[in-house]
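Structure, as structure tokens:
Each value in this text was obtained by applying a stated rule to the coordinates, not by laboratory testing. Being a predicted model, the structure only gives us computed values, none of them experimental. Note that we place each Cβ from the backbone using ideal geometry, even for glycine, and neighbour counts take in every protein chain shown.
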There are 2 protein chains.
Amino acid sequence: MADGTCRIIPLGGLGEVGKNMTAFEAEGSIVVVDAGLAFPRDEHLGVDLVLPDFSYLSERRADIRGVVLTHGHEDHVGALPYLLREVGAPAIWATKLTLGLVKSKLDEHGLLRSSELREIDPDGAPIQLGPFRLEFIRMAHSIPDCVAVVLETPGGRIVCTGDYKIDHTPVDGLKTDVGRLAEIGNRGVDLLLGDSTNAELPGVTGSERLVGEAFRQLIPARTGRVLVASFASNVHRMQQAVDVAVQVGRKVCVVGRSMRKNLNIARSLGYMEVPDDTLIRPAELDDHPPERILILCTGSQGEPLSALTRIAYRDHPAVKIERGDSVIISAKPIPGNELRVHDAINRLARSGAEVLHQANAPVHVSGHGNAEELRLVLALLRPRAVMPVHGEFRMLAAHAQLARDSGVPANSIVMAENGSVVELSPRGVQIVGQVESGVTFVDGLGVGDVRDVALRDRRRLSEDGVLIVVATLASGDGATAAPELIARGFSEPGPLLEEMREEARRVLDECLRGDVREIKLVQEHLHDGVGQLVYDRTGRRPMILPVVIEV
Amino acid sequence: MADGTCRIIPLGGLGEVGKNMTAFEAEGSIVVVDAGLAFPRDEHLGVDLVLPDFSYLSERRADIRGVVLTHGHEDHVGALPYLLREVGAPAIWATKLTLGLVKSKLDEHGLLRSSELREIDPDGAPIQLGPFRLEFIRMAHSIPDCVAVVLETPGGRIVCTGDYKIDHTPVDGLKTDVGRLAEIGNRGVDLLLGDSTNAELPGVTGSERLVGEAFRQLIPARTGRVLVASFASNVHRMQQAVDVAVQVGRKVCVVGRSMRKNLNIARSLGYMEVPDDTLIRPAELDDHPPERILILCTGSQGEPLSALTRIAYRDHPAVKIERGDSVIISAKPIPGNELRVHDAINRLARSGAEVLHQANAPVHVSGHGNAEELRLVLALLRPRAVMPVHGEFRMLAAHAQLARDSGVPANSIVMAENGSVVELSPRGVQIVGQVESGVTFVDGLGVGDVRDVALRDRRRLSEDGVLIVVATLASGDGATAAPELIARGFSEPGPLLEEMREEARRVLDECLRGDVREIKLVQEHLHDGVGQLVYDRTGRRPMILPVVIEV
């Protein structure tokens, strides 16, 4: 019987898609569930990855009892190497496939030997981490081996669903365990942290098996090569494509580093079955006629350096698209990637390929449950309180509405933000504070050294370019040389450049006449004078950088 | 009986969405159909508008007999002021509403008095422009008063559909005139230029009336204010929202300059009916209770300065969202605008509004026909040859497939590109050449002066920022002063800055020791030395601009 409190601190994943991470804290101990990253948006110019802010966990590093991972997607495990390097953790807990993927990631970061990895068996005994007793429930999603986490805490029983859908016919037969959910619901759930991604969408998401049915209809009818692009971690999607290839006698070639890596991990751990004589290497593609080939590849999001993008731009060393080939893009563009995916489709169509994608063929289903599936989980668990997680605000709001509809009182629905401190006790649930939270940018080799001001400058530079005014200031009061101008990202016609140089000289002369010689002031005058002229003539505002040198 | 030739030169709209413009040329005369613009993509950093390249028309300006506009959307008329200023035209032909919208646009550009505007009556007599005889057919679309153009040319009969859908129940009762299409088909069509936008999508697009039905279900049930955001030119969408408002006794307030302007034009020309006492000004909003207000506003694409975006960011002077308000986003994000629209939805939801949009309510239909509608037009016209227009390559390819399915021989389907010269004669249709074509960027007040190299520089600047190295070179062989560094969009830690300065000094000294004094060479050495150091330390490649001054 809970008679203490537990604090739940979401450090990512609220009001956004990606970088899911939540800290649970009771009696001085902390358990972290997931450590995900987000991919940068276009306005994050030049940023490679976006991580949660680890400040809070850094301060409390001695209290961390473990990190638990619900599944192997980047938005749930991608920040783990950075978390381990900056904060550390006594152990990482995950299911077999998730561990397999994480091991390979930690190995690349040189962190494998220093990390303590422990396997979760969803059907095994509960684990104890400090005051927390954890159980796990199998959930279906777009990667195998996902779990929900049930935490018995001093503040009450909490269920974190992780990402899920209710797939009654998953490819591996491992359904979302509705029986266990009902059993936990009967024990009594004090707080549900539920995946909100598709809360706005009515009805149910189709079963993963539907994509297999589409493959079985589409692939045998094709007479050229067939390419299937999907997420590199979508093991069941790959399995279903491989199954059809085996059935119709096509060899399978896997193109794209991450997909080859994941396929090897999944095969070696028993999550995928691919007959040895089915796989061929890219170099062997020319040994087989087109109608005997199926290519699995990365690039379903139109990522610039991915296999499908290079193939679409006729820049891939091993795969050239020819008339009669078919490309199945078995994924949905993540918001922000639409144009890149459209570009790839256009390029492929221009090369003579038939392109099948979600708009014209049933070749994709979501990995997240729609509203009716969320309602079912609410009905099975009957939580006393609900905290929608994993999603933009509109998705959280839609999930909150589903919770209200299911009978959860409005004052027991917590709309938290990243950094909110949510307290669960026998008296209920409430937000009691806020800790530092936010984002850390990874840019090149630097973690956390790119700040908003740099992004603001990059934005400004990207809009109108930069104009550098170089002026020399003679130390006597002799005449000044004509200033030099350097423009980048700003295509000035010759006469305007000359006019700007004249204006800079005029400003300089005026400064000298007025005995304004302080470099900062001269720079300011140059900035304002030249900037105004450029704006008057062109309507643009390039960044003006005056460089004044005393000689 | 055609016994000559006609050349069709698409100057925009092929392999892209937007800036539709096609020149028809016979016996030394040219007729231009449409003069549209495109909106810049994110990679067009800082560009405001994208226009077709007018080079070809400029060279042939004396031969232009007229510009014909199919409808009033920006992607069909937006480039007109620029075309008139750069090339000119003896007359512009369009239907009444299109002319009304164009007049206002030309007035803003100071071009109204110098332009000859002629009204098209779709039911009237044909018009003769040089060797071309033109007839028009009413087509339904997401703006009233659209027409297809039938051109009798020396090379044969050509039909340009313009944008269309087959709406059997349009709001104004003016359906796509399938009877006229059949009649023209019976006369014999030598070449069809058909809208390809939705060629990939199966089935039919819903009637515009379906949105009205959704409004009639959704709006009366709401108890707070209702906002409806749509394209400012979607007159029927606005009419349907106004009709429901009148029915349930809500006052209507129109927010957003372009929507107010279009509503006024549409009302004054008889295309919209709004009782005078229904309309209120933004300043009067507070005089009425929330349940008595309906706001029509711009911003359905999340455009940065639009009404809805300002409302969402709580930055609008007249409209503040409160809990209980409902926002209907009655549009689909144009590819590339998804994130902006999602951001607006999240902000509105955070302010307590219920947001209805195409993903969770039937509040939008497309203005373009899907595959079955394109098939119907192919069946009615039975063209001897088909040239898919208006769309990205994949859409053109899908349209070509529909034409093949309908019995058009593969060698009579023309996959042209912008600038292709397509020749139609009694012997058939073929591509015979290529003229200069491409894009012209409008950036601030400048038209056409931003070139690809500037965009490439802006892209580079936006990724990693800029680093300026300022060095002075003493004219004797005395020691040099320490170089100065200026960084923007590149957040360097202090020690690295110091290290870079050291490196610059080392490079300079080395140059002097080797008697390398030519400024270009010294700059090159500085660029390479500092650039390599930055890359080694940070993995980034800011633009390095060395400035070397001889003193």
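Annotations for the structure displayed:
- For the range B:452-550, the equivalent ellipsoid derived from the alpha-carbon gyration tensor has semi-axes of 24, 15, 11 Å in decreasing order.
- The alpha carbons of the range B:70-160 stretch over 37, 30, 21 Å along the principal axes, in descending order.
- With a cut-off of 10 Å between beta carbons, the residues surrounding B:I321 carry a summed charge of +4, where Lys and Arg count +1 and Asp and Glu -1.
- With neighbours defined as other Cβ atoms within 10 Å of a residue's Cβ, the residues B:L14, A:L380, B:L84 order from fewest to most as B:L84, A:L380, B:L14.
- Against the rule of thumb 2.2 N^0.38 Å, how large the Cα Rg of chain A comes out: 1.18
- Three semi-axes describe the equivalent ellipsoid of the protein assembly as shown; taken as square roots of 5 times the Cα gyration tensor eigenvalues and ordered largest first, they are 48, 43, 32 Å.
- Partner chain coverage, peptide B:386-398 - average Cβ within 10 angstrom: 4
- Counting charges near A:R541 (Lys, Arg +1; Asp, Glu -1) among other residues having Cβ under 9 Å from its Cβ returns a value of 0.
- Taken residue by residue and averaged, Cβ atoms of other chains lying within 10 Å of the Cβ of A:217-230 number 0.
- When the range B:209-356 is reduced to its Cα atoms, the Kirkwood hydrodynamic radius in Å: 15.0
- With its label point defined 7 Å out from Cα along the Cα-to-Cβ axis, B:Q430 lies at 8.4 nm from the matching points of the other copies, in increasing order.
- Listed pairs A:K105/A:K320; A:K332/B:K105; B:K19/B:K103; B:K165/B:K261; A:K19/A:K251 exceeding 28 Å between Cα atoms: A:K105/A:K320; A:K332/B:K105; A:K19/A:K251
- Panel order for B:V47, A:V246, by other beta carbons found within 10 Å of each beta carbon, from fewest to most: A:V246, B:V47.
- In this assembly of identical copies, the label point of B:G407 (Cα plus 7 Å along Cα-to-Cβ) is separated from its counterparts by 6.3 nm, sorted shortest first.
- Peptides B:385-393, A:322-330 ranked from most to least packed by the mean count of surrounding Cβ atoms within 10 Å: B:385-393, A:322-330.
- Within-11-Å neighbourhood charge of A:A379 [Cβ basis; K, R +1; D, E -1]: -1
- Size of charge dipole - the protein assembly as shown - debye, nearest 20, with Cβ of Lys, Arg +1 and Asp, Glu -1, no other charges: 2200
- For the range A:61-78 versus the range B:270-287, the gap between their alpha-carbon centres in whole angstrom: 56
- Peptide B:312-318 has a mean shielding of 0, counted as Cβ atoms of other protein chains within 10 Å of each residue's Cβ.
- Report summary: the helix-based calculation at 222 nm, which adds -39500 (n - 2.57) for every DSSP H run with n ≥ 4 and divides by the residues of chain A, gives -9500 deg cm²/dmol.
- Degrees between helix B:257-268 axis and first principal axis of chain B (Cα, 0 to 90, nearest 10): 20
- B:D243 label point (Cα plus 7 Å toward Cβ) to equivalent points in the other copies: 5.0 nm, shortest first.
- Once C-alpha pairs closer than 8 Å and six or more residues apart are averaged by separation and normalised to the residue number of chain A, the relative contact order reads 16 percent.
- Each Cα pair under 8 Å and six or more residues apart adds its sequence gap; the mean of these over the residue count of the range B:209-356 is a relative contact order of 29 percent.
- Arranged from fewest to most other beta-carbon atoms within 10 Å of their beta carbon, B:C146, A:C253 become A:C253, B:C146.
- Top positive-direction residue, dipole computed over chain B with Cβ charges, set B:H109, B:S300, B:L14: B:S300
- Along each principal axis, Cα extent of the range B:70-122, largest first, Å: 29, 21, 17
- Euclidean distance of C-alpha centroids, the range A:101-128 and the range B:346-383, integer Å: 47
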